[in-house]
Amino acid sequence: LELTIGLISLVFILLQVANETLHTDSPDLPVCFQLSVLSWLPCVYLWLACLPYLFYLQRNNKGYIMMSMLNRVKTVFGLVLWIVCWADLFGTFHELQQGKTQAPIYFVTPLVVGMTMLLATFLIQFERLKGVQSSGVLFIFWFLSVLCAIVPFRSKIILAKSEIGITDKLRFTTFYFYFALIGAELILCCFNEKPPLFSDVDTDPNPCPQTTAGFLSTVTFWWFTRMAIKGYKNPLEAKDLWSLNKRDSSEQVVPKLLREWEVEQAKAHSAEDQSTQALYSKPLPAGEGNHVGGESSPEEVEVLLSKKKGPKKASFLRSLIKAFGPYFLIGSGFKLLQDLITFVNPQLLSLLILFTKQKEAPTWWGYALAFLMFFTAFLQTLILHQHFQYCFVTGMRLRTAIIGAIYRKSLVITNAAKRTSTVGEIVNLMSVDAQRFMDLTTFLNMLWSAPLQIMLALYFLWQNLGPSVLAGVAVMILLIPFNAAIAMKTRAYQVEQMQYKDARIKLMNEILNGIKVLKLYAWENSFKNKVLEIRQKELNVLRKTAYLGALSTMAWTSAPFLVALTTFAVYVTVDKNNILDAEKAFVSLSLFNILRFPLNMLPQVISSIVQASVSLKRIQDFLSHDELDLELVDRTNTATDCSVTVVNGKFTWARQDPPALHNINLMVPQGSLLAVVGHVGCGKSSLISALLGEMEKQEGDISIRGSVAYVPQQAWIQNAILRDNILFGKAYNEPKYRSCLEACALTPDLEVLPGGDMTEIGEKGINLSGGQRQRVSLARALYNEADVYLLDDPLSAVDAHVAKHIFDQVIGPEGVLKGKTRILVTHGISFLPQVDNIVVMVEGRVSEMGSYQELLKQNGAFAEFLRNYSLEDIIEEDGATEEEDFPDDALSNHTDMVDNEPVVNEAKRQISIISGDLENPRGRSVRKRLCSERKHVEPDPEKKLPKVEKLILAETAETGRVKAKVFWEYAKAVGPLLSLFIAFLYGCQNAAAIGANIWLSQWTNDAVGNGTKVDVSTRVGVYAALGLAQGVLLLANCLLSKAYSMLRAARLMHLHLLQGVLRAPQGFFESTPTGRVLNRFGKDVDTIDSHIPDNIDIWMRTFWYTVNVLIICSALTPPFILVVVPLMVFYWWVQRFYVATSRQLKRLESVSRSPIYSHFSETLTGSSVIRAYGRHNAFVLLNDMKVDENQKSYYPGIVSNRWLGVRIEFIGNCIVLFAALFAVIGKAHLNPGLVGLSVSYALLVTMSLNWMVRMTSDLESNIVAVERVKEYSETKTEAPWEVEEKKPSPDWPSHGNVEFSDYSVRYREGLELVLKNLTLSVKGGEKIGIVGRTGAGKSSMTLCLFRLLEAAGGEITIDGVNISEIGLHDLRSKLTIIPQEPVLFSGSLRMNLDPFEKYSDGEVWKALELSHLNKFVSNQPAKLELECSEGGENLSVGQRQLVCLARALLRKTRILILDEATAAIDLETDDLIQSTIRTQFEDCTVFTIAHRLNTIMDYTRVLVLDKGKIAEFDTPTNLLSKKGIFYGMAKDAGLTQ
């Protein structure tokens, strides 16, 4: 009863308060209310917050802070406040003694406030001890206190001014003291304390300011401003980034997750064990004892087990939730608050409209409402961004933790598990799946928040408009499947577009790889048309996508309008008494706008969750794989004097596989050398793996004494400098290091490498030859001094003499390792006599064991093995391994420049010449010659090195602002007038939207006028018409811009790019890596196709939207313009800072991301080596470092978005504030409809401002693609393809006379001449052989005839026509070449022979017959339409060469150039080609670049080139008798004695 009385009296008081307050022009609150509610509010807050806060501080101790001046002042002020409050209390007691009785509130309030001030003072000190630099809790407390004290502050002044004057002097004074002190405390609270003692801030060179930021700074992300300014001044670099916060770093995040995951796994295992025990402990029922074997068969137990095991699996999700859930929940809490606050503004709007209706209402209402709107909007901004911050940070930690967990797991999974997940799949787990989780966390709260928002919005709408709302909602719901259908179709089109894009890129790749052949044959146009054909299909798909996109955009943009239209139409037609007034209309509009977002988001969130659940399952499966048993190998055994013992070993690779090794018994005495031999696949490597503990042990024991070093069969090389590969984490010790290099014969190799032992080795050791890799691997083992060395066939990859050197210096009885225990798997029989013991393996078991002599006597498997191998081995000793390895080794110095094809080919050519020139049947001498020749080859590439480095120019990355020029380029491609027209259309569409809303505001004013309905149908009709006009304009615009003009721009840009690249001279392709050109054709063209149009579209829409809001607000209340200008300046300023910084952060993030994945795939391949050397932890640390490095640039990226959001939304909130304020000021001449219009528009502006900045930023990073494409479409072109006025006659050259007069040529500007002043003349029909050593300029001569190289002096004339004056296609189509490497393109065989389809099928078959291909082709089912795969992979090399011959036969020109293939071709094909040429090209002029002299011995004349000059030029017989260079070459080839 008392309670109800209390409540009733409270309500009564409040009503009285309301009456006193609301309807006066100078409102005031009664003293009682001031003393009770206002004074207690902050106190209640602080006491409620106090306990959880103290608990939190107790848990998170950061170390104490020294007493500072600031702290002392705060504390003193706190105590003074307590004294002031109690002065009041004692004053009251004093009055009691005087006989004045006061109301009890005068005792209670001072007491409560005083106690609270003591609590605050205590908190100030407690925070200092716990290391809090700036307190949010206290800040809010002081802020509330000041807020609540403003009312009494004002009312006391009013009282003092009034006639009554001040009666209560004491309380009047104490109150102003109190007010001044809490004001001071609030200000002091904004300043930061010094960081606590011994914190990381002192030690870290570049700490993240967030840790030391104050409460206000944290809430508004002010601490980020420093980086924004730095990024604006000059582009950010990696060194400018802050260190990662400790709590986000791998060392804290990953163990947290792993702990939870281990708990989960332990639970799952214990559940499993219990179920298993239960099964096995059941007694057998009677009568089943006479079962075969007397017990239930194991299969049955298995079946039972699998049924039981099903439900309990370790849940990765649960461990994620336990590890990161609590932190994420804080974010969810913020989200909940924000959702609730969202709905305050529509309510305030309705109050504001009501206020404008009541002309007699006091103005301060309006101001209060305006400021309340601003305040709630601002609060919403702050809370929303805190929520995002928590979500993103959780996402970031999730990614770190998942990558860390996967990496750690991948180092210890068994081989069986490795088979189920390939390297690519595991890398995907890290990159794609971890990323999905990261993306999901940002949306995850929408799962509950979207339905909540929808329900709240519907509830308020229902209150507003009643059941008519359902009509609008129905429209919204109908739009969802419509959009879903469009999305499905769009996805299908995207897949199709990707297929065309892939096809186009594949074709471009072939064109770039075979560009030289295309130029020589003058086939560019045919291939250009093929590319454009695919491109046209691609554009057609893009056009369809654009149509769909336009529909979907229209649906989303018109959705709020359609919903409003149906709702209002239904509302006014349902019931005659329903009047649509401003309040109803505009409040509903703003609620519908709130509804749009969750409805839009839900489908996205759901698809995101589906994807993440798939990822979750994949990650969970991977993390549940079996791990290697680290206790498998007993390292502690010291009983015997053997360092390696295996007793009754039985090993398998996977539990379900049959054992790979059985009954293995091994005793290896300390310090002995054991060789393991046997046929291929008999289990030698498996034995080594078993000793390393990599296999599953089924029976037996293994023990190894001491540490292990391991050299795998395939060397594993890290992507690091050579020295680090050898040191492998050990400290550098110069003499020891040098001796290791010496022993492993690496010293000569270091001299060849460009940076010595500081050379960066590429991934998988790409720039080392196989032999070098193996020796580095050996040097690593040698440097890591171990007790037991397991060497898995380290000598197979190196040359024989090197193998001998290594055996003698390192492994053998006299080597560096004598005295260590060595187990050597080998195929080299020559070393066996020198080893202590030999184990012979046969089919996974040890067949014999003993010393070399003993085994020979036994005459068992080993003796037979020797007999089989000895013959081959004697040959092998002579250096057989050289031959395969040699090209590899000679090339090793080139591979830093894999991009520059010509050089590598040059080197390959030199090698192939050496191996090809010697047509000597005796293999032995060939090999010896190889070894001696090798010395001549090495220096040659050396000399080329310096030039090569300048060959490839670094790709320029754009930094800083994008030039306006680029935008102009794009506008030009779209069409300048069209661009203007499109912009104009966007404007029109928005004008229609404004029109519709102005009409709505007029409509709502009807109600005010006379309370009856004006003609409803016209109102609804015009409203609908305006809205539809907006939709139609939007559709038209989308179609015009996206489906027509921007696609036209894309088409033109690609066309120019393609033409530019195909017209580029040969030099361009030599100095530009293919990958770089393909990137322009792939990524950049794709950006122009699909990203830029979207960006521009959204940008235009948001831009016009913002302009509209400003226009409406300014038109209704002109003073608004004064405010707009400074706001826009601020906006522009923030946006510039943000764009500059975030663009660079994005770049840094993507640069630092790839090392994570490359390091990871490297680790996976070398995990056994890493484990063998015990470097497991070091690699885990390395991975953590790389992940942290990446997150270091990702984190500021997130914060930059929050920073921007708070700033931009602040501008939006200011616009709301001023729109409302000016509406209040101009209340007299504004009708409620217009007020509703301007304020509801302003409420939406924040969103569009935010989008505009994002889009500007995206557009700026994407428009660069236009620049990059343009750069290549303007490359320097070669001479024109056709020169009209100099066109030679159709039958030219009729004779085939070729004259060089004083001709010189160089490869590129600034290089020396390759051919110097050649003068010679060749009569039509002569056969000329061209010979000379490597680099004499033989190939250059052919390139000159085709003008792939332009003359540096002199001229070439063919039948009296100077070839430099005619068009390139005219020249090249009249010459024929059979090139050295036969290049085929993917397509039909027919296309490869005759791309322009000039010849009839009969002629093509004739050519095939003459080139001996007709049998092969006619046996194919497709005949001439036989598909050649990329590069002609499905034909043999010989057949490809014959196809090139068939091309030549089809063209049948007067001049034929034969660049003779070297080692690629077999002798048979060679003879075929030679005989065909002799018969078919009898009357033509033939130039042959010969490597095999016997092909040109019967030619008319032979031209011998030396160093670019003519050395000899005469008939072969004359040259032989002269005993000059030619004679020497012939003698080498064994053609003369």
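The values are calculated or read from the model by the stated rules, or taken from the named source; none is laboratory data. Computed from a prediction, not measured in an experiment: that's the story for all the values here. For neighbour counting, all protein chains shown are included, and Cβ atoms are generated from backbone atoms with ideal geometry for every residue, glycine included. The accessibility values were calculated without ligands, DNA or RNA, using every heavy atom of the protein model including side chains. Shrake-Rupley method; radii C 1.70, N 1.55, O 1.52, S 1.80 Å.
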(message) So for the range 232-240 (the condition being touching a residue at least 60 places away in the same chain (Cβ under 8 Å), under 30 Å from Gln380 (Cα atoms), under 27 Å from the mean Cα position of the chain (by Cα) and open to solvent by 30 Å² or more (accessible area, probe 1.4 Å)), does at least one residue qualify?
(response) yes
(message) Among the residues of the range 484-493, are any open to solvent by 20 Å² or more (accessible area, probe 1.4 Å), aromatic (Phe, Trp, Tyr) and touching a residue at least 24 places away in the same chain (Cβ under 8 Å)?
(response) yes
(message) Please go through the range 605-619 and give me each residue that is surrounded by fewer than 18 Cβ atoms within 10 Å (Cβ to Cβ) and either touching a Gly at 6+ places or on another chain (Cβ under 7 Å) or not basic (Lys, Arg) (or both), ordered by number.
(response) Ile606, Ser607, Ile609, Val610, Gln611, Ser613, Val614
(request) Can you work out which of the residues in the range 664-684 that are outside any strand (DSSP E or B) and closer than 13 Å to Val840 by Cα is most open to solvent (accessible area, probe 1.4 Å)? (result) Val680
(request) May I ask you to list the residues in the range 838-865 that are polar (S, T, N, Q) and either in a strand (DSSP E or B) or open to solvent by less than 60 Å² (accessible area, probe 1.4 Å) (or both)? (result) Ser847, Ser851
(message) I'm trying to understand the selection: among the residues of the range 696-728, which are among the aromatic types (Phe, Trp, Tyr) and under 32 Å from the mean Cα position of the chain (by Cα)?
(response) Trp716, Phe728
(message) If Lys947 satisfies all but one of (1) modelled with pLDDT of 50 or more; (2) of a type outside the set (Asp, Glu); (3) at negative phi, what's the number of the condition it fails?
(response) (1)
(message) Whether any residue in the range 1042-1064 is basic (Lys, Arg), outside any helix (DSSP H, G or I) and surrounded by fewer than 18 Cβ atoms within 10 Å (Cβ to Cβ) is what I want to check.
(response) no
(message) Take the conditions charged (D, E, K, R), free of Cβ contacts under 8 Å to residues at least 60 places away in the same chain and open to solvent by 10 Å² or more (accessible area, probe 1.4 Å) and apply them to Arg1254. Does it pass?
(response) yes
(message) I'd like the full set of residues that are open to solvent by 60 Å² or more (accessible area, probe 1.4 Å), charged (D, E, K, R) and more than 56 Å from the chain's Cα centre (by Cα), limited to the range 1303-1341.
(response) Lys1323
(message) Just to be sure I understand, how many residues within the range 1499-1537 are among the β-branched types (Val, Ile, Thr), outside any loop (DSSP other than H, G, I, E, B) and more than 29 Å from Tyr1307 (Cα to Cα)?
(response) 1
(request) Have a look at Glu1282, Glu1260 and point out the one that is part of a helix (DSSP H, G or I), surrounded by fewer than 21 Cβ atoms within 10 Å (Cβ to Cβ) and either out of contact with any Asp or Glu (no Cβ under 9 Å at 6 or more places or on another chain) or modelled with pLDDT under 85 (or both). (result) Glu1260
(message) I'd like to check which helices (runs of 4 or more DSSP H) are fully inside the range 1073-1182 and have at least 3 residues that are charged (D, E, K, R) and more than 30 Å from Gln252 (Cα to Cα).
(response) 1092-1116
(request) Find all pairs meeting these conditions: Cβ atoms under 8 angstrom apart; at least six residues apart or on different chains; first residue within the range 1122-1146 and within 18 Å of Leu1110 (Cα to Cα); second residue open to solvent by 20 Å² or more (accessible area, probe 1.4 Å) and aliphatic (A, V, I, L, M). (result) Val1124/Leu1110
(request) Return the only residue of Val835, Val798 being at pLDDT below 85 and either touching a Phe, Trp or Tyr at 6+ places or on another chain (Cβ under 8 Å) or crowded, with 17+ Cβ neighbours inside 10 Å (or both). (result) Val798
(request) Could you give me the residue pairs with C-beta distances under 7 Å whose first residue belongs to the range 842-855 and is touching a residue at least 60 places away in the same chain (Cβ under 8 Å) and of a type in the set (Val, Ile, Thr), whose second residue is assigned to a strand (DSSP E or B) and open to solvent by 30 Å² or more (accessible area, probe 1.4 Å) wherever it lies, and which are 6+ apart or on separate chains? (result) Val846/Asn665
(message) Name the residue that is nearest to Val37 (Cα to Cα), counting only residues in the range 140-166 that are open to solvent by 70 Å² or more (accessible area, probe 1.4 Å) and either of a type in the set (Gly, Ala, Ser) or outside any helix (DSSP H, G or I) (or both).
(response) Ile164
(request) Please tell me if Arg773 is open to solvent by 20 Å² or more (accessible area, probe 1.4 Å) and under 35 Å from the mean Cα position of the chain (by Cα). (result) yes
(message) Any residue in the range 1202-1216 that is within 15 Å of Val1129 (Cα to Cα) sitting within a Cβ distance under 6 Å of a residue that is small (Gly, Ala, Ser) and open to solvent by less than 10 Å² (accessible area, probe 1.4 Å)? List the pairs, counting only those 6 or more apart or interchain.
(response) Ile1215/Ala1242
(request) Go through the residues of the range 634-652 one by one and say whether even a single one is in contact (Cβ under 8 Å) with a residue 24 or more places away in the chain, touching a Pro at 6+ places or on another chain (Cβ under 8 Å), in a loop (DSSP other than H, G, I, E, B) and open to solvent by 70 Å² or more (accessible area, probe 1.4 Å). (result) yes
(request) Taking Gly1329 as meeting all but one of (1) modelled with pLDDT under 85; (2) part of a strand (DSSP E or B); (3) within 16 Å of Thr1488 (Cβ to Cβ), write down the number of the exception. (result) (1)
(request) Working only within the range 547-558, note down all residues that are of a type in the set (A, V, I, L, M) and either touching a Gly at 6+ places or on another chain (Cβ under 8 Å) or crowded, with 21+ Cβ neighbours inside 10 Å (or both). (result) Ala550, Met554
(message) Val531 - would you say it is hydrophobic (A, V, I, L, M, F, W, C), part of a helix (DSSP H, G or I) and at pLDDT below 85?
(response) no
(message) Checking Ser1017 against (1) surrounded by 17 or more Cβ atoms within 10 Å (Cβ to Cβ); (2) free of Cβ contacts under 8 Å to residues at least 60 places away in the same chain; (3) over 38 Å from the mean Cα position of the chain (by Cα), only one condition comes out false. Which one?
(response) (1)
(message) Looking only at the range 336-386, filter to residues that are open to solvent by 60 Å² or more (accessible area, probe 1.4 Å) and of a type outside the set (A, V, I, L, M, F, W, C); which one of those is farthest from Val1239 (Cα to Cα)?
(response) Glu360
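Let's see how each residue does on (1) under 20 Å from the mean Cα position of the chain (by Cα); (2) over 30 Å from Ile1225 (Cβ atoms):
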| residue | (1), (2) |
| --- | --- |
| Phe1069 | no, yes |
| Arg1076 | yes, yes |
| Ile1098 | no, yes |
| Leu1110 | no, no |
| Phe1120 | no, no |
| Glu1149 | yes, yes |
| Tyr1157 | yes, yes |
(message) From the list Leu57, Leu51, exactly one residue is over 30 Å from Glu360 (Cβ atoms), hydrophobic (A, V, I, L, M, F, W, C) and open to solvent by less than 80 Å² (accessible area, probe 1.4 Å). Which is it?
(response) Leu57
